[in-house]
Amino acid sequence: MNLFNFISLVPCSRSSLVSVKWEKQTIHSSSLLNKKNLTLNTKIVHIKSNLDKVHNSYHLLLATESVYRFTEINKNKPNLFKQLINKYWQQSMFLSYSTPLSKKYLSYLAKKDTLVLKSQYKKNLIDFSKALLSGRIDSQVFLDSKNSISPYIQYIWKKGYNIELPQLWKKVWFNNEINKFFYNKQISLINMLKHNKFPVFIVVNGFNQMVIAEPGEELVASPSLIYNVYKWYSDHFLLKKYNNKMYEGWFFVNPYDAIEYKDYIRNEYIRSSQHNRLDIMPTSIDFYYRLNRQTTSNVHFRLLPDLLEVSKLVKLRSYRKDLIFHPKQKYGKSYFQGQPIYLIQPINNLPNKKNHTKTVNYFYRLPNDPLNKKYNPIFFNKDVALVAWANFRKQMPLMKLPKKPILMVYNLEDFLKDYEHDLDLQIHLHHEQFLLVPSKEVYKEISKNSEYFIKQNWLERLYNHCYPYLLTCTIWSKRAIWSLTSRQPPN
């Protein structure tokens with residue numbers, strides 16, 4: 001384990017010519033585990049400076065220096081206090097690139113180790129893996145004298161009761177600042193999204209709770225009590241950014257993608273799906289926006305784009321015809337970032353004989369609107385945008401409008417961010433408010449759900465309202481009977 005902590009072998013960009021002379025030298029090393037001497041054959045390296053070949057010599061120099069440093073550390077008698085610190089408080093480790101020489105040296109040590117040392121080494125690796133999953137290992141990157149990033153990375157492995165002090169007051173202040181920012185920058189956008197009533201779809205269980213995807217390591221590892229306590233402590237009292245182990249809640253633009261995701265869950269988790277009825281529930285996009293913008297410790301809420309629309313936009317060249325892409329949009333032959341949206345751009349035409357150019361901005365008015373407001377439509381489907389433009393041409397017969405509009409392609413996620421910060425809105429919008437227009441598939445799904453809800457009688461509505469409570473009683477009664485009649489948990 002000491003070798004794992006202290007050997008650091010890295011490549012370097014420099015190069016030189018090296019001549020190696022082999023000499024045998026005995027180095028006595030006292031291991032902390034078995035207290036016995038080891039006889040090692042080291043390499044005395046003589047280096048001659050040359051600008052043509054420098055690469056291999058630097059490897060050998062670092063290897064020799066690392067071996068010497070390791071043996072010097074282990075040469076003294078074991079320190080009981082240091083052993084207790086490393087085992088019960090914290091341990092420092094340095095990791096770097098591996099070289100053929102380091103691999104050869106490690107294989108040499110492995111041959112000399114006894115079965116007790118090998119089992120101890122295996123146990124240390126298991127404990128190290130568990131510490132990585134629990135987040136108790138912090139990394140620190142070093143900077144050299146030239147302020148460039150060093151290839152050495154230091155890891156601090158905190159053990160036992162060595163935990164960070166609570167930062168509750170910082171978290172309270174941080175959340176207040178977030179809520180203030182949330183109110184000042186985004187409350188108007190939330191109200192606008194709520195006014196749109198644009199539907200997105202989620203997968204729910206029989207309790208009308210959203211199904212959250214769990215990280216893979218959570219399913220493989222069986223967390224202990226200490227792990228659960230530390231996780232709760234870090235979530236509530238520490239300010240940490242979770243780069244992995246994220247729970248994910250998915251919102252779907254296309255209802256058929258949500259149905260496919262539901263079927264996948266049923267096939268993977270048969271017993272849970274049978275006990276907890278899975279279903280597709282429509283919700284509003286402002287609900288997604290609120291959850292996505294709120295700061296939670298290890299839960300991310302994401303929007304899955306319309307996969308059919310993305311595939312057409314990426315694969316079909318004819319579908320991309322007469323389209324212009326936003327300068328910040330990331331796309332290619334095999335990828336597209338975010339949920340595609342289409343915005344009809346202004347058109348210059350000649351409405352009369354005086355040859356005065358007039359800019360026509362496309363707009364839409366809601367029927368039965370007493371204020372008669374003009375909205376900027378944002379389309380989620382190209383075909384729907386073309387149909388809307390054809391209807392607009394019929395309403396404006398005196399204007400010389402082309403048959404096809406100029407469509408700009410962007411993604412919804414970046415559009416909302418730009419709207420929050422008032423960035424490049426003159427490119428996107430020409431009126432104060434926008435209107436999200438769904439695809440035909442979404443319209444059909446919402447119409448079907450509305451008809452089903454209207455046809456329900458009062459008895460069916462009462463049953464749907466009481467179903468979560470009935471499901472709770474059913475599940476717990478089955479578990480109680482199973483625990484009394486069987487020694488094994490259900491499969």
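No lab work stands behind these numbers, since they all come straight from the coordinates. The structure displayed is predicted, hence computed values, not measured ones. Glycine gets a Cβ as well: all are built from the backbone with ideal geometry, and neighbour counts include every protein chain shown.
For LEU436, the amide hydrogen comes within under 5 Å of the amide hydrogens of ILE378, counting only partners 5 or more places away or on other chains and with H modelled in the peptide plane.
A simple spin-label model places the labels of ILE156 and LEU462 6.3 nm from each other, with each point 7 Å out along Cα-to-Cβ. One decimal place: the segment ILE163-LYS455 gains 99.3 nm when fully extended, by the rule 0.36 nm per residue minus the C-alpha distance. Charged side chains reduced to their Cβ positions (Lys and Arg at +1, Asp and Glu at -1) give segment 307-445 a dipole of some 980 debye around its Cα centre. Over 29 Å between Cα atoms, which of LYS262/LYS312; LYS87/LYS112; LYS194/LYS400; LYS404/LYS440 qualify? Exceeds cut-off: LYS194/LYS400.
Counting neighbouring Cβ atoms within 10 Å and putting the fewest first, the residues THR99, THR357, THR474 line up as THR357, THR474, THR99. Evaluating 6.51 cos²θ - 1.76 cosθ + 1.60 at θ = phi - 60° for every residue in segment 371-385, the Karplus couplings come out as 7, 6, 6, 9, 10, 8, x, 10, 9, 9, 8, 5, 4, 5, 5 Hz, glycine and proline recorded as x. Residues SER334, SER273, SER447, ranked from the fewest to the most other C-beta atoms within 10 Å, line up as SER334, SER447, SER273. Amide H of GLN90: which non-local residues (sequence gap of 5 or more, or other chain) have their own amide H closer than 5 Å, using H built in the peptide plane? Placed amide hydrogens put LYS159 under 5 Å from GLN90. Karplus-derived 3J(HN,Hα) values for segment 396-409, using 6.51 cos²θ - 1.76 cosθ + 1.60 with θ = phi - 60°, are 10, x, 7, 8, 7, 8, x, 5, 10, x, 8, 9, 9, 9 Hz; glycine and proline are entered as x. Our compactness index for segment 307-445, the C-alpha radius of gyration over the empirical 2.2 N^0.38 Å, is 1.10. Amide H contacts for LYS373 (H built 1.01 Å from N in the peptide plane; partners 5 or more residues away or on another chain; cut-off under 5 Å): LEU366.
Here the spin labels are modelled as points 7 Å beyond Cα on the Cα-Cβ line, and at TYR264 and LYS194 they lie 3.3 nm apart.
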